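Reviewing the structure listed below.
The values are calculated or read from the model by the stated rules, or taken from the named source; none is laboratory data. Remember, predicted model here, so these are calculated numbers, not experimental data. Glycine also receives a Cβ, built like all others from the backbone with ideal geometry; neighbour counts cover every protein chain displayed. Keep in mind that these areas ignore ligands, DNA and RNA; they rest on the heavy atoms of the full protein, side chains included. Shrake-Rupley method; radii C 1.70, N 1.55, O 1.52, S 1.80 Å.
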Amino acid sequence: MEAFLISTGIVGLAEIGDKTQLLAFLLAAKFRKPLPIVLAIFVATVANHAFAAAVGAWITGMLGPDVLRWVLGVSFLAMAAWTLIPDKLDEEETKLAKYGVFLTTLIAFFMAEMGDKTQVATVALAARYHDIVSVVLGTTFGMMLANVPAVYLGDRIANRVPLRLVHGIAALVFAVLGVATLLGAGAALGF
């Protein structure tokens, strides 16, 4: 349950103000069909995060416990710093409208998520918790918690969310995980 809850919280916080959330706002404003957008976000997230979690599990198998502890600790600290940098939406990710609402959202979200903070976090969380299913469920739930309101409420909530505060909280969570990992908090898990 810990892997699910931590994954949900980290990704939910990291997603606020992220480029994929900006993409959700944009697609909702463009198409005004929330259900196919939400379903496509879900499918793209599950596919992307399942791949990322598999990479995290593979990394766990390839590295020894001491190396893994340092890689994960430094990765979480890097994620803390990266979370404080505001994202901008690439124009190329919005030029897919010719494929319809669902497919446009699916392709755009999957591509936008490649190498994104939440994908990298999913890799690290899967390596940290050794529970791919709970991590993927948690990171997907976190993505949906952040993006479904963006799709349905759009501009009404965009200006009310203090992004600096949310990014600061997410960065703090990543930093705490990084320091705890470096100090051996994962010793019971084998790293």
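Annotation: Asp116 fulfils all but one of (1) within 22 Å of Leu39 (Cα to Cα); (2) touching a helix residue (DSSP H, G or I) at 6+ places or on another chain (Cβ under 6 Å); (3) at pLDDT below 90; (4) open to solvent by less than 10 Å² (accessible area, probe 1.4 Å); the unmet one is (2). All conditions in (1) free of Cβ contacts under 8 Å to residues at least 40 places away in the same chain; (2) open to solvent by less than 50 Å² (accessible area, probe 1.4 Å) hold for Val148, with the sole exception of (1). Each residue in the stretch 31-41 was checked for being surrounded by 14 or more Cβ atoms within 10 Å (Cβ to Cβ) and either of a type outside the set (Val, Ile, Thr) or farther than 17 Å from Leu145 by Cβ (or both), and 6 pass. Restricting attention to the stretch 125-144, the residues that are open to solvent by less than 10 Å² (accessible area, probe 1.4 Å) and hydrophobic (A, V, I, L, M, F, W, C) total 5. Does any residue in the stretch 51-68 that is closer than 22 Å to Met111 by Cβ and touching a residue at least 60 places away in the same chain (Cβ under 8 Å) come within less than 8 Å, Cβ to Cβ, of a residue that is open to solvent by 30 Å² or more (accessible area, probe 1.4 Å) and of a type outside the set (Gly, Ala, Ser) six or more places away or on a different chain, and which pairs are these? Qualifying pairs under 8 Å: Ala52/Val120; Ala52/Val123; Ala53/Val123; Ala53/Ile132; Ala54/Ile132; Val55/Val123; Gly56/Val123; Gly56/Ile132.
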